[in-house]
Amino acid sequence: MAKTELISRAEKRKKKIWGTVTFIAIIVFLIWTLTPLFIMVVSSFKDLREAFQIPQLGDWKGVVQFFQFSPTGRHYKELFSGGTDFTPYIVNSVVASLSASIIAVILGSLAAYGLARGRIPGEQHISFWIISCRMAPVVAVMVPLYSIFSAIGLLEASRWRNLLCLILAYTTFSLPFAVWFLRSFFEDIPTELEEAARVDGCSDFKAFWDIILPLAKPGIVAAFILCLILSWNDFIFASIFGQQAAKTLPVATAELHSTVDIQWGKILASGTILCVPMLTLGLLIKKYLVQGLTMGAVRQ
Amino acid sequence: MAKVTIDRVWKRYGKVEAVKNLTLECMDKEFLCLLGPSGCGKSSTLRMVAGLEAISEGTISIGDRVVNEVEPKDRDVAMVFESYALYPHKTVFENMAYPLRLRSHKYSSAQIKERVKHAAETLEIDNLLDRMPRQLSGGQRQRVAIGRAIVREPQVFLMDEPISHLDAKLRTHMRGELKHLQKVLNATMIYVTHDQLEAISMADRIAIMNLGVLQQFAIPDEIFNRPVNQFVAGFVGDPPMNFINCRLDVDSDRWNLVHEAFKISIPPDLKGKIESNGSRFTGSLGVILGVRPESFTVSGTKTSEESFPAEVYVTEPQGEDRIVDVTVHGNKVKLKTSIDFEPRMGDRIWLEVTKKKMHLFDPETSKAFF
């Protein structure tokens, strides 16, 4: 009896220690990841003089100074007036990443559903081949893609042609991810549901549309957001295929840093515009990823 | 409603033959049970009727129409699945209304509402129409699944072990409910089950299958009392039939079943039945005696020349009956007796076989001699 009590007390202590260690690790991780973002967002609303009042190491009063500033939207205004106008870059980013993500999710859903139902010979090999496309480093496909796009005239200096290049390049990388990600969602949906729908009077596509898609919605939304983040954050494709005509937000932001001038105010504002939408979406995805799929339809 | 004809149907999954040359007919308004153990091909057969599995060979007709190439949606059948397969994102009302909504050219909104309400009232789930499937108990989900099938009055109802996952009490209740429903709706129903009690108590006719082959297709009484082979005899009945290896000694007109523990003379009427079946015996040959647990007369003393001793192994009281396991010269035999018969473990008791209820099987082919 006493021995059992002793063991359970030791276990409790062990649990408590692990809990504390985990908590501290999470806090350190959060500070490590969120502080730069926080400094960027806050500084984007500061005058440059205030933004560069960086406290010395160990100067805790300086930390208070960090929060003492008169907020200004000057840098944001500058992004859209004067010599620079970021509107087309934002539009390019939105168009390229949204289009690629929509295409990837539509095609990905259909492919993933087909693979999940496993009526295709060699389906395992096809699945592996699809995901192996995603494993290739971006630079490995850059030259062949460049050559293909060049051959079909998509690299000529035209905004829409270059945007199409970006959409195709992003889709190339998002689609395998969407297929791989969605396949497991479809696999979790019991086949009896679509069989019931087919007996009830649905065609195969109607059963997919009416019954399977709504159940896979959390997965589809999650896949869409992840594809969107991948495309939105891309720099390398955009810098090569987007060129000057279809410059995206990350490329435009990078160009604010030149050999003669570093426009910190605009960089901070543009960085904030780049990060905030994706951060919001990141928070949204959490809800969908944890959402159950079958919701008690089939006897567990 | 319509009859269903399954004509020389085969189902192959690669090299595996799940259904072999199956021929049977479910008459209009008939309650047909496909009975058999797991993997016997009963579910594959049902799924072929539904159109969810392709037919490898043979034809299936619903009414006068061959449906081999007809899509499930166009077969006018309704199916209740073992897992219920309710649409989790739709309410109970929408689940039941869905087959009607897919035929919106046929039913107006008011008609859909009326039909769902009527079906829900029949199944006593009219108070659950606004709930989601996850909010229902197993029994309620099963009723909704049946409701979804009955709203549109299909030609054939297909049920794939619909009550096998309910608890014993609810299952007994639902057996009666389903049988009543089938009679009220005048429905043609094909019902798959592995539970022989379900089949015996509900079906108009039972098709009993094993390893993809139809063993016997008959009314429950015939399946129970005149099994065509040892498999059917052993599968139907609880506890199952006892099988004892014996010899049949044929000496001119006197036929005797001989075992180390007993010698039973075959009465002339039984002999006549065996002979009329085409079997001709001479000398001595091995046979398998089949006796149901309830077909023994049990007593504490030797009552006749043909009664034989057995030693009580264990007893299992079951309310009104008692199952008594005994050993007869090394063979384990189950008896079903009145609860008032209370032997103790190790007791010697005397058994006599009710001759008109005994069965004889060929040990080589497992077929019944009569």
Item checked: Meets criteria (away from every other protein chain (no Cβ under 14 Å), surrounded by 14 or more Cβ atoms within 10 Å (Cβ to Cβ) and under 16 Å from residue B:149 (Cα atoms)) for residue B:123 -> yes
Check: Which fully enclosed strands (runs of 3 or more DSSP E) of region B:170-252 have 1 or more residues being at positive phi and not assigned by TED's automatic domain parsing to the domain that holds residue B:124?
Finding: none
Note to self: When you check residue A:23 against the structure, is it closer than 18 Å to residue A:263 by Cα and outside the structural domain of residue A:262 (by TED's automatic domain parsing), yes or no?
What the structure shows: no
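Of the residues A:164, A:213, which is within 14 Å of another protein chain (Cβ to nearest Cβ) and either surrounded by fewer than 21 Cβ atoms within 10 Å (Cβ to Cβ) or farther than 18 Å from residue B:88 by Cβ (or both)? Show your work before the answer.
Values: A:164 fails: within 14 Å of another protein chain (Cβ to nearest Cβ).
After ruling out the rest, the residue left standing is A:213.
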Margin query: Testing residue B:210 on (1) under 30 Å from the mean Cα position of the chain (by Cα); (2) of a type outside the set (A, V, I, L, M); (3) within 14 Å of chain A (Cβ to nearest Cβ), one condition comes back false. Which one is that?
Written below: (3)
Margin query: Could you go through region B:265-272 and let me know if any residue there is in contact with a strand residue (DSSP E or B) (Cβ under 6 Å, 6 or more places away or on another chain), hydroxyl-bearing (Ser, Thr, Tyr) and farther than 22 Å from residue B:237 by Cβ.
Written below: yes
Next item on the list: Take the residues in region B:129-169 that are part of a helix (DSSP H, G or I) and among the aliphatic types (A, V, I, L, M), then tell me which one is farthest from the other protein chains (Cβ to nearest Cβ).
Entry: B:168
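Residue-by-condition table, conditions (1) closer than 20 Å to residue B:333 by Cα; (2) surrounded by 19 or more Cβ atoms within 10 Å (Cβ to Cβ); (3) in contact with a helix residue (DSSP H, G or I) (Cβ under 9 Å, 6 or more places away or on another chain):
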position	(1), (2), (3)
B:203	no, yes, yes
B:237	yes, yes, yes
B:242	yes, yes, yes
B:258	yes, no, no
B:282	no, no, no
B:297	yes, no, no
B:302	yes, no, no
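How many residues are among the polar types (S, T, N, Q) and either modelled with pLDDT of 90 or more or touching a Ser or Thr at 6+ places or on another chain (Cβ under 6 Å) (or both) when one looks only at region B:250-266? Please lay out each step first, then the result.
We begin by selecting, within region B:250-266, every residue among the polar types (S, T, N, Q); these are B:252, B:256, B:265.
Adding the requirement that they be either modelled with pLDDT of 90 or more or touching a Ser or Thr at 6+ places or on another chain (Cβ under 6 Å) (or both) leaves B:256, B:265.
Matching residues across region B:250-266 total 2.
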Notebook entry, point to check: Residues of region B:26-63 being in contact with a Phe, Trp or Tyr (Cβ under 9 Å, 6 or more places away or on another chain) and not in a loop (DSSP other than H, G, I, E, B), which ones?
Noted result: B:31, B:32, B:33, B:34, B:35, B:44, B:46, B:57, B:58
Next item on the list: State yes or no: is residue A:135 modelled with pLDDT of 85 or more, surrounded by fewer than 17 Cβ atoms within 10 Å (Cβ to Cβ) and among the hydrophobic types (A, V, I, L, M, F, W, C)?
Entry: no
Check: Just wondering, is there one or more residues in region A:36-59 that are among the aliphatic types (A, V, I, L, M), outside the structural domain of residue A:229 (by TED's automatic domain parsing), loosely packed, with under 15 Cβ neighbours inside 10 Å and farther than 28 Å from residue A:255 by Cβ?
Finding: yes
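With the requirement that a residue be over 16 Å from the mean Cα position of the chain (by Cα) and surrounded by 21 or more Cβ atoms within 10 Å (Cβ to Cβ), what does region A:180-189 give you?
At the first step, the residues of region A:180-189 found to be over 16 Å from the mean Cα position of the chain (by Cα) are A:183-189.
Scanning region A:180-189 gives A:183, A:185, A:186, A:189.
Listed here are the residues, each with its yes/no results for (1) basic (Lys, Arg); (2) in contact with an Asp or Glu (Cβ under 8 Å, 6 or more places away or on another chain); (3) part of a loop (DSSP other than H, G, I, E, B).
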residue	(1), (2), (3)
A:58	no, no, yes
A:61	yes, no, no
A:65	no, no, no
A:69	no, yes, yes
A:84	no, yes, yes
A:89	no, no, no
A:96	no, no, no
A:105	no, no, no
A:108	no, no, no
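Identify, from the list A:198, A:183, the residue that is of a type in the set (Lys, Arg) and within 14 Å of chain B (Cβ to nearest Cβ). Even if it seems obvious, please write down each step before you answer.
Values: A:183 fails: within 14 Å of chain B (Cβ to nearest Cβ).
After applying the criteria, what remains is A:198.
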Item checked: Within region A:143-243, helices (runs of 4 or more DSSP H) holding 1 or more residues that are among the hydroxyl-bearing types (Ser, Thr, Tyr) and modelled with pLDDT of 90 or more -> A:159-187, A:191-200, A:213-232
Next item on the list: Output the residues belonging to region B:34-71 that are crowded, with 18+ Cβ neighbours inside 10 Å, β-branched (Val, Ile, Thr) and within 14 Å of another protein chain (Cβ to nearest Cβ).
Entry: B:49, B:62, B:67
Note to self: Among the listed residues A:194, A:156, identify the single one that is among the charged types (D, E, K, R) and surrounded by fewer than 16 Cβ atoms within 10 Å (Cβ to Cβ).
What the structure shows: A:156
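In region B:77-94, how many are touching an Asp or Glu at 6+ places or on another chain (Cβ under 9 Å) and either within 13 Å of another protein chain (Cβ to nearest Cβ) or basic (Lys, Arg) (or both)? Let's see the steps before the verdict.
Of all residues in region B:77-94, those touching an Asp or Glu at 6+ places or on another chain (Cβ under 9 Å) come to B:78-85, B:87, B:91-93.
Going one step further and asking which of them are either within 13 Å of another protein chain (Cβ to nearest Cβ) or basic (Lys, Arg) (or both), we end up with B:78-85, B:87, B:91-92.
Looking only at that region, the number is 11.
Can you confirm whether residue B:31 is within 30 Å of residue B:237 (Cβ to Cβ), within 14 Å of another protein chain (Cβ to nearest Cβ) and in contact (Cβ under 8 Å) with a residue 60 or more places away in the chain?
Numbers: within 30 Å of residue B:237 (Cβ to Cβ): yes; within 14 Å of another protein chain (Cβ to nearest Cβ): no; in contact (Cβ under 8 Å) with a residue 60 or more places away in the chain: yes.
No.
For every residue, the table says whether it meets (1) within 31 Å of the chain's Cα centre (by Cα); (2) crowded, with 19+ Cβ neighbours inside 10 Å; (3) not hydrophobic (A, V, I, L, M, F, W, C).
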site	(1), (2), (3)
B:87	yes, yes, yes
B:93	no, yes, no
B:96	yes, yes, no
B:101	no, no, yes
B:113	no, no, yes
B:119	yes, yes, no
B:128	no, yes, no
B:135	no, no, yes
B:139	yes, no, yes
Margin query: I'd like the full set of residues that are at pLDDT 90 or above and among the acidic types (Asp, Glu), limited to region B:125-153.
Written below: B:126, B:130
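The values are calculated or read from the model by the stated rules, or taken from the named source; none is laboratory data. All values reported here derive from a predicted model rather than from experimental measurement. Note that each Cβ is placed from the backbone with ideal geometry, even for glycine, and that neighbours are counted across all protein chains shown.
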